[in-house]
Amino acid sequence: MACDAEPFDIEAVIRHLDASLVGEEDVDLAEYVVAYEELSKMFHRLGRMFTFVESDVRDKRDILKRLNQSDPEKYATVISMADYEVPEPATKPKDIGARTLLRLHRALDFIVVFVEAVHLSQPDSNVGRLLADAYTKTLAHHHGFLVRKAVGLATAFVPSRSVLIQVIFGHGDEPPSDELVDREAKRFVASVKGVYDRVQAIYEQKSLLELP
């Protein structure tokens, strides 16, 4: 584990994801990116076995942030971006925003599946298997053979469940209580799924889920 990395704050992720919800259907891009910036701290603290996730999101945050700052009207939300880049469903996007967000969207699916699995696991659970299962259900569908093989090898280096719990849910050096882990995990999963489902619905409507 990369102990010299910045501490991860799951509360900040929840706060920014919740703040990203706009109206009944939309997602604010700036808040989404800030939430991802915090999630990246978790990847760094967990070390090399999460390189395959970071490789999917590397530079993506900066691209969306740049688009949002350069044209805050068109890139204010997921819907405004999709309407601008893809005015008609199943047409090629005008710019890279939609494609960029799709990579982050896919990685978010993996993150929530893995964190939920860790939360529901037992102290003696095989954490490497939890990681492999979460990857197989999500990101593996979008990776080639070499990446999938590398992820399979990386599962041997996953830290213990207690270390994962400390990194994801801990505050300071004190191990989090079971009650705190349960409460924070449920809040995190609910926040992620709320945002994920909205982006999924928008991309389905615009036929963007299979962008290369």
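Quick look at the numbers
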| item | result |
| --- | --- |
| Net charge over other residues, Cβ less than 14 angstrom from the Cβ of Ile10 (K, R count +1; D, E count -1) | -3 |
| Base-10 log of normalised Debye intensity for region 96-212 (one unit scatterer per alpha-carbon) at q = 0.11, 0.14 Å⁻¹ | -0.43, -0.68 |
| The chain - Rg over Rh from alpha carbon coordinates, Kirkwood radius | 0.97 |
| Added length on full extension, which subtracts the Cα-Cα distance from 0.36 nm per residue, Ala150 to Asn126 | 6.8 nm |
| FRET efficiency estimate (nearest 0.05) - Cβ-Cβ, Glu73 to Gln205, R0 22 angstrom | 0.60 |
| Difference of contour (0.36 nm per residue) and Cα-Cα distance, Val189 to Arg66 | 41.5 nm |
| Inter-label distance, nm, simple model (7 Å from Cα along the C-beta direction), Asp9/Ser162 | 2.8 |
| Long-range lysine pairs (8 or more apart or interchain), the chain, Cα under 19 Å | 13 |
| Cβ-based charge dipole, the chain, positive-most Cα from Pro175, Ser40, Gln69 | Ser40 |
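Just so you know, all these numbers are worked out from the coordinates, no wet-lab data involved. Model, not experiment: these values are computed from the prediction. A quick note on method: Cβ atoms are made from the backbone with ideal geometry, for glycine too, and the neighbour counts reach across all protein chains shown.
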